[in-house]
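Mind having a look at this structure? Questions to follow.
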Ligand code: ADP
């Protein structure tokens, strides 16, 4: 009992351990993916921060560098500070352009002038320059028409004069000159970079296509508001996914194997326990079966020895009883011995080409007295010209005797037993049929299990040990055949042993 508890506890522990392993395996796999994503995200953050600081720093340098007494050379200042300036406006405190305070990188003068007029009419009021605190860089990213603009501006006070500097940042420069410095080309990096604007139009890089879902995103907040940097791992990501899938499959398989093994182990233990129970039941049954004929033999033997018989006929009758019971005892011992031989793993059969009819005749002869005692008749029919079979005659006789014995024991009410030996294609079929109580459908496969006795007979005073049919099955299979049962409760049973026939060369 204690051992059983220990084994159960062990099974449980192994199961728990494998579940724990699976859990950690899975979480490690997903952790490593998370880690990689986090790394990518940090990279995106860093890139955006670097780009925005660079733009902000250069713009601020420019904004702070503008002098109005006299007016700075704005183009030169742009080169000196590195600021990506498309155009500059320097306005006085009435928001009028200070002479020399406008420069634009437009090709033609009329374009330059048109841009200035458009700026003064539409953009200026949006910038709310007067609200800006002095010396602080401010920006406005917005669309005018279909085109986005980034204006950066500063409220300046110098030598007691207030003025405002507004830069139109050069977005083309950002995209074509600045971004490539931060994002290595696809051929030189395991990562892909893409910048989309606030309308999700790709401004830089190639579309990611199928790996799009696995991209990390980081928005620009201090310059190009609403633009987003997206980064994704190129091919390794695909490999990574495959590895994750492989890990998951391996872990799941391992757990399944462990669970299945434990299941099989538990099942084997349950079977072993059941076999042990059946075995002890068997020992009780066998001892009982041995004792009964023995006490009958000794009782009638004693009567004969002491001359306690009324007539010679009675003496013959007592002697017959002793004979019958000793035959029964002999058969039981044969069964038990054969059975234990099988249990030890050896069949020990000796096969020889034999005429099945002859073996059947012998079994019938050996059963005659018991049939008579049970007031039953046996109707045997052996098909003529049967092919021979490879038989161990002793074992096969024992099998047939067991079937006839069972019919006598359990189906005596049916009054008759029918034995048929027929050719069935390449096989020889031997069937023993009775008209007894039959066997319940759910128990039909079980009666061939060793030590199994049907529910209906367990309470009846019919002696048995539950090894007869197990033996029959073993013998039939050792002959490369099998035994089958057809039975309908209340209508009787038919046991059929079939064997392969020896091919007779008639040529
Ligand atoms: P035993 O007869 O010693 O109990 P067997 O292995 O020969 O063991 O049979 C197993 C069980 O099958 C029997 O206990 C009985 O319940 C059932 N059985 C066998 N033969 C018959 C039969 N001809 N009719 C009804 N039940 C049978």
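Filter the stretch 54-85 down to residues that are surrounded by fewer than 20 Cβ atoms within 10 Å (Cβ to Cβ) and in contact (Cβ under 8 Å) with a residue 60 or more places away in the chain, then give me how many there are.
7
Then there is this: Just give me the residues in the stretch 284-307 being loosely packed, with under 12 Cβ neighbours inside 10 Å and either within 15 Å of residue 324 (Cβ to Cβ) or more than 13 Å from the ligand (Cβ to nearest atom) (or both), in sequence order.
As a first pass, look at the stretch 284-307 and keep what is loosely packed, with under 12 Cβ neighbours inside 10 Å: 284, 287, 291, 295, 302, 305-307.
Matches in the stretch 284-307: 287, 291, 295, 302, 305, 306, 307.
Among the residues of the stretch 456-470, are any touching a strand residue (DSSP E or B) at 6+ places or on another chain (Cβ under 6 Å) and within 25 Å of residue 358 (Cα to Cα)? Even if it seems obvious, please write down each step before you answer.
Quick first cut of the stretch 456-470, residues touching a strand residue (DSSP E or B) at 6+ places or on another chain (Cβ under 6 Å) only: none.
No - not one qualifying residue is present in the stretch 456-470.
Is one or more of the residues making up the stretch 338-353 farther than 24 Å from residue 470 by Cα and within 58 Å of the chain's Cα centre (by Cα)? Spell out how you get there, then give the answer.
So the first thing to find is which residues in the stretch 338-353 are farther than 24 Å from residue 470 by Cα, and the list is 353.
Still in the list and also within 58 Å of the chain's Cα centre (by Cα): 353.
Checked the stretch 338-353: at least one residue is farther than 24 Å from residue 470 by Cα and within 58 Å of the chain's Cα centre (by Cα).
Another one. Out of 176, 119, I need the residue that is exposed (fewer than 13 other Cβ atoms within 10 Å of the Cβ) and either without any contact (Cβ under 8 Å) to a residue 12 or more places away in the chain or in a helix (DSSP H, G or I) (or both). Which one?
Details: 119 fails: exposed (fewer than 13 other Cβ atoms within 10 Å of the Cβ).
Answer to the check: 176.
I need the full set of residues from the stretch 486-498 which are within 11 Å of the ligand (Cβ to nearest atom) and touching a strand residue (DSSP E or B) at 6+ places or on another chain (Cβ under 7 Å), in order please.
Listed by number, the residues that qualify are 487, 492, 493, 494, 495.
Whether any residue in the stretch 464-485 is near the ligand (Cβ under 9 Å from one of its atoms), farther than 30 Å from residue 425 by Cα and not in a loop (DSSP other than H, G, I, E, B) is what I want to check.
Looking for residues that are near the ligand (Cβ under 9 Å from one of its atoms), farther than 30 Å from residue 425 by Cα and not in a loop (DSSP other than H, G, I, E, B), one finds none in the stretch 464-485, hence no.
Which residue is modelled with the highest pLDDT, if the candidates are limited to the stretch 337-351 and must be outside any loop (DSSP other than H, G, I, E, B) and closer than 16 Å to residue 477 by Cα?
Of the residues in the stretch 337-351, the ones outside any loop (DSSP other than H, G, I, E, B) are 337-343.
The next check asks that each one be closer than 16 Å to residue 477 by Cα; those that pass are 338-339, 341-343.
Details: 338: 77, 339: 74, 341: 74, 342: 70, 343: 68.
Once the filter is applied, the top-ranked residue is 338.
Still on this structure, please answer the following. Is at least one residue of the stretch 188-198 closer than 24 Å to residue 86 by Cα, in contact (Cβ under 8 Å) with a residue 60 or more places away in the chain and surrounded by 14 or more Cβ atoms within 10 Å (Cβ to Cβ)?
No, there is no match, as no residue in the stretch 188-198 is closer than 24 Å to residue 86 by Cα, in contact (Cβ under 8 Å) with a residue 60 or more places away in the chain and surrounded by 14 or more Cβ atoms within 10 Å (Cβ to Cβ).
Another question, then. Consider residue 426 carefully, then state whether it is under 25 Å from residue 397 (Cβ atoms), in contact with a strand residue (DSSP E or B) (Cβ under 9 Å, 6 or more places away or on another chain) and surrounded by fewer than 17 Cβ atoms within 10 Å (Cβ to Cβ).
Details: under 25 Å from residue 397 (Cβ atoms): yes; in contact with a strand residue (DSSP E or B) (Cβ under 9 Å, 6 or more places away or on another chain): yes; surrounded by fewer than 17 Cβ atoms within 10 Å (Cβ to Cβ): yes.
In short, yes.
Give the residues of the stretch 410-421 that are assigned to a helix (DSSP H, G or I) and surrounded by fewer than 17 Cβ atoms within 10 Å (Cβ to Cβ), sorted by residue number. Full working, then the answer.
Our first condition is that a residue be assigned to a helix (DSSP H, G or I); within the stretch 410-421, this holds for 410, 412-414.
Hit for the stretch 410-421 is 413, nothing else.
So residue 4 fits all but one of (1) modelled with pLDDT of 85 or more; (2) surrounded by fewer than 13 Cβ atoms within 10 Å (Cβ to Cβ); what number is the exception?
Residue 4 satisfies all of (1) modelled with pLDDT of 85 or more; (2) surrounded by fewer than 13 Cβ atoms within 10 Å (Cβ to Cβ) except (1).
Another question, if that's okay. Taking into account only those residues within the stretch 422-456 that are under 18 Å from residue 405 (Cβ atoms) and not in a loop (DSSP other than H, G, I, E, B), which is farthest from the ligand (Cβ to nearest atom)?
It comes out as 430.
Looking at 407, 372, can you tell me which residue is more than 16 Å from the ligand (Cβ to nearest atom), assigned to a helix (DSSP H, G or I) and more than 16 Å from residue 481 (Cα to Cα)? Even if it seems obvious, please write down each step before you answer.
Working: 407 fails: more than 16 Å from the ligand (Cβ to nearest atom).
Within the list 407, 372, the selection yields 372.
If only one of 164, 141, 102 is within 20 Å of residue 58 (Cα to Cα), within 60 Å of the chain's Cα centre (by Cα) and not in a loop (DSSP other than H, G, I, E, B), which one is it?
Numbers: 164 fails: within 60 Å of the chain's Cα centre (by Cα); 102 fails: within 60 Å of the chain's Cα centre (by Cα).
Only one candidate passes the filter, namely 141.
Give me a count of the residues in the stretch 438-465 that are in contact with a helix residue (DSSP H, G or I) (Cβ under 6 Å, 6 or more places away or on another chain), under 15 Å from residue 282 (Cβ atoms) and at pLDDT below 85.
4
Further question on the same structure: Is it fair to say residue 247 is surrounded by 15 or more Cβ atoms within 10 Å (Cβ to Cβ), closer than 30 Å to residue 19 by Cβ and at pLDDT below 85?
Details: surrounded by 15 or more Cβ atoms within 10 Å (Cβ to Cβ): yes; closer than 30 Å to residue 19 by Cβ: yes; at pLDDT below 85: yes.
Taking the combined requirement at face value, the residue satisfies it.
The values are calculated or read from the model by the stated rules, or taken from the named source; none is laboratory data. Just so you know, these numbers come straight off a predicted model, no measurement behind them. With ideal geometry, Cβ positions are generated from the backbone for all residues, glycine too; neighbour counts draw on all protein chains shown.
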